[in-house]
Structure formats: structure tokens, C-alpha cells
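Report on the structure given below.
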Amino acid sequence: MSNGEIEQIQLAQPEIGPREEELVLEVLRSGRLSLGPMGERFEREFAAWLGSEDAVAVSSGTTALHLGVRALGWGPGDEVLTSPFSFVASANCLLYEGARPVFCDVDPETLNLDPGAVAAALGERTAGILPIHIFGFPAAMAELEALAAPGALAILEDACEALGAVDSEGKAVGTRGNLATFAFYANKQMTTGEGGMIVPAGAGAAARLRSERNQGRAADMGWLDHDGIGFNYRLSDLAAGLGVAQVEKLDSLLSRREAVADLYAQGLADVEGVDTPIAVRGSERRSWFVYVVRLGAGIDRDATIARLAERGIASKAYLPCIHLFPHLRELGYREGQFPVAEAASADSLALPFFPAMSEGQVDRVCRELAAAIRSR
Ligand SMILES: Cc1ncc(COP(=O)(O)O)c(C=O)c1O
């Protein structure tokens with residue numbers, strides 16, 4: 001840039017424009033800042049975009065998961081099979097209710113729950129399965145549902161990273177009839193700043209979710225009436241204004257993310273020591289959330305991150321394994337239990353990724369990554 005400074009390329013960047021400003025201003029001027037008509041509109045338009053019957057807006061992906069766990073009744077004595085290669089909230093939501101996350105290793109290609117490992121872990125206490133569509137690649141839902149069916153196990157889908165993904169049967173992630181959760185933090189495919197959504201399994205479930213997110217207030221109740229325990233997990237109408245504007249341009253946001261991913265795949269195709277993520281496999285389609293590569297043996301990831309940072313490029317080790325955090329070690333988890341997940345954790349690197357990334361920026365990241373690897 002001018003005066004010799006290098007242009008910084010950050011990891012993520014939301015896209016907020018005049019339409020977001022217009023709808024947020026509309027809410028500000030309406031005086032309805034908490035639950036209100038914009039939230040209802042956001043739920044309707046999100047469900048219409050996704051192709052689900054309904055959708056319940058909440059304050060985050062984490063609170064969506066928590067209400068999902070409660071809706072399924074998972075609690076003390078219940079074990080839920082899930083992936084150690086995820087963001088920590090997908091295991092914490094079980095701990096909130098006293099259920100035990102039982103981790104199963106992941107598939108080396110998709111980094112999603114390996115159905116074979118799930119089959120091996122099924123036991124008397126298994127109450128359900130909590131698959132995560134990690135980095136936007138659809139989990140093996142048909143196989144997991146087949147494993148769940150004989151014992152009538154419930155499934156809660158963590159689709160927080162996968163809005164817009166399509167599974168092996170051509171279904172949009174979140175529309176299989178399981179409870180599914182989405183998240184709208186600022187680096188996600190669409191954002192409300194903070195926010196989340198639950199796709200309920202049935203009308204009764206939706207009413208309960210709407211009551212629990214609002215301190216246990218059913219739709220026909222006054223502000224100081226409560227029909228059970230609840231939480232303040234409401235999404236404000238201000239955030240919903242952002243959500244409506246983002247849903248309106250979601251197709252464009254997703255296709256531009258895909259175009260950036262294509263540029264990366266081309267730019268990194270010949271870089272030795274860098275493995276790029278798969279975009280499609282049969283009918284399965286990734287919805288691009290982050291661009292995470294795997295580094296080959298002998299490449300020092302920390303040194304690579306430091307070298308990229310010197311060149312103005314942000315990157316991040318993605319993701320630490322959940323079972324190795326202190327509060328899960330307390331349950332007895334240790335290194336070496338999930339070798340595929342642990343290997344991915346040790347060598348994966350997230351590169352800058354957002355829809356407005358230019359061809360020149362992607363090219364620069366690819367060149368600098370190649371140089372960082374060569375210079376080791
Ligand atoms: C897989 C996964 N689950 C849950 C969450 C939690 O979402 P939030 O940050 O909106 O609470 C996230 C988001 O970071 C996520 O990536």
C-alpha cells in the first residue's frame with residue numbers, strides 16, 4: 001500500500017451493506033428492539049430459503065444447541081456420540097444438561113464423524129448422536145440415521161458451519177427432519193453479529209423452543225407468566241434486521257465463497273506439502289465456511305503461521321481437539337484416543353477466506369504459503 005506498508009489480509013470479513021443498514025434503521029425507528037416483527041420475518045425468510053417448515057431464531061449457535069439438547073431430553077445418565085473435531089460448543093451443550101459426550105473418531109477425508117466408529121461406540125446408555133457438519137462438509141447423515149433407527153436414538157445436527165451444504169441424498173443440510181442448529185457469528189456464511197437458528201422437528205417442538213428461549217413464556221402468555229423453566233436466549237430484532245438482509249443475498253454470498261475456494265484450489269494445486277479440502281463428493285456439496293488446508297509431514301505449522309503473519313497474512317491452527325480440553329480430560333479423555341482427529345488437529349491451517357476476497361489476494365496468500373513452506 002502507500003508508504004511501503006503491506007496490505008493486511010484478515011482471516012474473515014463480514015459483508016454488511018446498505019440493505020443491512022436500512023433494515024437495522026427500520027428496527028431502531030420502530031421502537032421494537034427485542035422480540036418483534038423483524039424476528040418473525042427473519043424466521044420465515046430463513047425457513048423459506050432453507051426449505052424447512054419452520055425455524056426458531058435464538059441468540060447464538062451455542063444457545064441453539066443447548067435448547068436442542070433440552071428438546072431431546074438428554075440429561076444425566078445419557079451418552080451422546082459426537083465428534084472430537086469440532087468447535088467446543090458442540091460438546092459443551094451436552095455438559096450443560098449433564099449428558100456425557102462420547103467421542104468417536106472422524107473420517108480422514110471429510111473430518112466428520114466416522115459411521116464405523118459410531119457403530120462401534122453404540123452402547124446401552126447411548127441416547128443419541130450429535131454430528132457436526134464440520135467446515136461446511138455434510139456429515140454422513142444417511143448412515144448415521146440407519147445406525148440410530150434400531151434403538152430409536154435421537155439426532156441433533158450441528159449445522160453451525162454448514163448453511164447451504166447438500167448431503168449424499170441431495171437434501172439441504174438441516175432439512176432431514178432432525179433438530180438442526182445454525183450459527184451467525186461474524187465469520188459464518190451469513191451473520192447477525194451474534195445469533196443462531198434451530199430448525200425444529202415438528203410444530204410442538206417449535207412452540208416449546210419458542211417458550212424456552214423466552215424465559216418459559218408460551219405465545220399466549222404475559223411478560224410475567226411462565227409455563228416452565230426457560231432462558232433469555234432471544235435474538236434481538238436489531239440482529240434479525242441484519243439476518244433478513246443477509247438471507248436476501250445468501251445465494252450470492254455462498255457462490256462468491258465457492259468462487260474464492262475454487263481460486264485457492266487452483267492456486268495451491270501444485271504447492272507441495274499442501275493438501276486442499278474437497279468441495280464435492282458424489283451428491284455431497286460443501287458450503288464453504290473456512291478454507292482449511294492440511295500441511296504435509298515435516299512442515300512446521302507455527303513457523304508457517306509466523307511467516308505468513310510477517311507478510312501481513314492472517315492464518316490459524318484449526319481446530320484443537322475437544323477431548324483434550326481440561327474439562328473433558330476430567331471425564332477421562334487422553335491423547336491418542338482419536339488418531340484421525342488428532343492428526344487433523346496437528347496439521348490443519350485456516351487461510352484467509354471471505355466472499356469479497358479478490359483474485360489478487362488469494363494469489364498472494366498462495367504464493368506466500370508456498371514460499372513459507374519452501375523456506376523451512
Ligand atoms: C461447529 C460449531 N458449533 C457451534 C458453534 C457455536 O456458535 P456460536 O458461536 O454462535 O455460539 C460454532 C460457531 O462458532 C461452530 O462452528
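If you filter the range 78-88 down to residues that are open to solvent by 10 Å² or more (accessible area, probe 1.4 Å) and within 15 Å of the ligand (Cβ to nearest atom), you find that the one that is nearest to the chain's Cα centre (by Cα) is Phe87. Of all positions in the range 120-131, at least one carries a residue that is among the basic types (Lys, Arg), part of a loop (DSSP other than H, G, I, E, B) and away from the ligand (no atom under 13 Å from the Cβ).
All of Ala303, Ala279, Ala341, Ala356 fail the test of being in contact (Cβ under 8 Å) with a residue 60 or more places away in the chain and touching a Lys or Arg at 6+ places or on another chain (Cβ under 7 Å), apart from Ala303. Report, by residue number, each residue of the range 14-38 that is within 30 Å of Ala314 (Cβ to Cβ) and open to solvent by 70 Å² or more (accessible area, probe 1.4 Å). Selection gives Ile16, Pro18, Arg19, Glu21. Number of residues in the range 276-316 that are farther than 14 Å from Ala346 by Cα, open to solvent by less than 20 Å² (accessible area, probe 1.4 Å) and more than 20 Å from the chain's Cα centre (by Cα): the value is 3.
Table: residues versus (1) assigned to a loop (DSSP other than H, G, I, E, B); (2) surrounded by fewer than 24 Cβ atoms within 10 Å (Cβ to Cβ).
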| site | (1), (2) |
| --- | --- |
| Glu40 | no, yes |
| Glu43 | no, yes |
| Phe46 | no, no |
| Trp49 | no, yes |
| Glu53 | yes, yes |
| Ala57 | no, no |
| Ala64 | no, no |
| Arg70 | no, yes |
| Pro76 | yes, yes |
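Restricting attention to the range 54-93, the residues that are under 23 Å from Asp167 (Cβ atoms) and without any contact (Cβ under 8 Å) to a residue 40 or more places away in the chain total 1. Only one of the numbered conditions (1) assigned to a loop (DSSP other than H, G, I, E, B); (2) in contact with a Cys (Cβ under 6 Å, 6 or more places away or on another chain) is violated by Asp270, and that is (2).
Quick check, is Gly267 modelled with pLDDT of 95 or more and within 16 Å of the ligand (Cβ to nearest atom)? Spell out the reasoning first.
Values: modelled with pLDDT of 95 or more: yes; within 16 Å of the ligand (Cβ to nearest atom): no.
So Gly267 fails the test.
Within the range 146-184, how many residues turn out to be within 12 Å of the ligand (Cβ to nearest atom) and touching a Gly at 6+ places or on another chain (Cβ under 7 Å)? The qualifying residues number 11.
Restricting the range 202-216 to residues that are of a type outside the set (A, V, I, L, M) and open to solvent by less than 30 Å² (accessible area, probe 1.4 Å) leaves a set whose member that is nearest to the ligand (Cβ to nearest atom) is Arg213.
Summed over the range 185-201, the residues that are surrounded by fewer than 22 Cβ atoms within 10 Å (Cβ to Cβ) and near the ligand (Cβ under 9 Å from one of its atoms) give a count of 3.
In the set (1) open to solvent by 20 Å² or more (accessible area, probe 1.4 Å); (2) within 27 Å of Ala259 (Cβ to Cβ), the condition left unmet by Gly332 is number (2). Which members of the range 90-118 meet the condition of being in contact with a Cys (Cβ under 8 Å, 6 or more places away or on another chain), assigned to a helix (DSSP H, G or I) and open to solvent by 10 Å² or more (accessible area, probe 1.4 Å)? If the condition is that a residue be in contact with a Cys (Cβ under 8 Å, 6 or more places away or on another chain), assigned to a helix (DSSP H, G or I) and open to solvent by 10 Å² or more (accessible area, probe 1.4 Å), then Ala117 is the only one that fits. For the range 220-233, the set of residues classified as small (Gly, Ala, Ser) and over 29 Å from the mean Cα position of the chain (by Cα) consists of Gly222, Gly228, listed by residue number.
The values are calculated or read from the model by the stated rules, or taken from the named source; none is laboratory data. Quick caveat, the model's predicted, so the values are computed rather than measured. Cβ sites come from the backbone with ideal geometry, for glycine too, and all protein chains shown count toward neighbours. Side chains included, ligands, DNA and RNA excluded: accessible areas come from the protein's heavy atoms. Shrake-Rupley method; radii C 1.70, N 1.55, O 1.52, S 1.80 Å.
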